[in-house]
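Structure first, commentary second.
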Amino acid sequence: MDRAQWQAFARQFPQLSHRQRLASGDLLRTSAPQVAAVTLIEQTAQAQLHCPACLSTHFHRHGHAHGLQRYRCVPCRKTFNALSGTPLAHLHHKERWLAYADCLLNSFSVRKAASQVSIHRNT
């Protein structure tokens, strides 16, 4: 996108509704952080990856789901990902985990950290 196109694009932002502005912000925030969070998760889990059902280390890659690599266990034929069997397995908003963890490491309260990364405090 050249400079003139960018300026024309940016001039349209004041015309967006509040909901459209929030959606635009979410779109901008989620593109790179999700890739970073997923890469970090998969690199960390790669060393001790095993089937959570039978504990076998004999598996092969089996597609992607929700941004994570899926694996299929050869002995029991169940599928899993790097988060299966961990406390992070069913959490949503992967793209915001690193920012949320950073807030908590900076001694923010749970409520303040949640509002900082635009999630509900119970999430």
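The values are calculated or read from the model by the stated rules, or taken from the named source; none is laboratory data. These numbers were taken from a predicted model, which means no experiment stands behind them. Using ideal geometry, Cβ is built from the backbone for each residue, glycine included, and neighbour counts are taken over all protein chains shown. Note: areas computed on protein heavy atoms with side chains; ligands, DNA, RNA excluded. Shrake-Rupley method; radii C 1.70, N 1.55, O 1.52, S 1.80 Å.
Quick rundown of the values:
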| item | result |
| --- | --- |
| First in region 96-114 and not assigned by the TED database to the domain that holds Ile41, second anywhere and loosely packed, with under 11 Cβ neighbours inside 10 Å and not β-branched (Val, Ile, Thr), Cβ under 9 Å, 6 or more apart | Ala113/Asn106; Ala114/His120; Ala114/Asn122 |
| Sole exception among (1) at pLDDT below 85; (2) open to solvent by 40 Å² or more (accessible area, probe 1.4 Å); (3) under 30 Å from Phe9 (Cα atoms) for Ala47, by number | (3) |
| Checklist (1) surrounded by 12 or more Cβ atoms within 10 Å (Cβ to Cβ); (2) at pLDDT 90 or above; (3) not polar (S, T, N, Q) applied to Asp26, failing item | (2) |
| Residue within region 81-89 that is β-branched (Val, Ile, Thr), at pLDDT 95 or above and open to solvent by 40 Å² or more (accessible area, probe 1.4 Å) present | no |
| Scan of region 55-80 for residues that are in contact with a Pro (Cβ under 7 Å, 6 or more places away or on another chain) and surrounded by 13 or more Cβ atoms within 10 Å (Cβ to Cβ), ordered by number | Ser56, Phe80 |
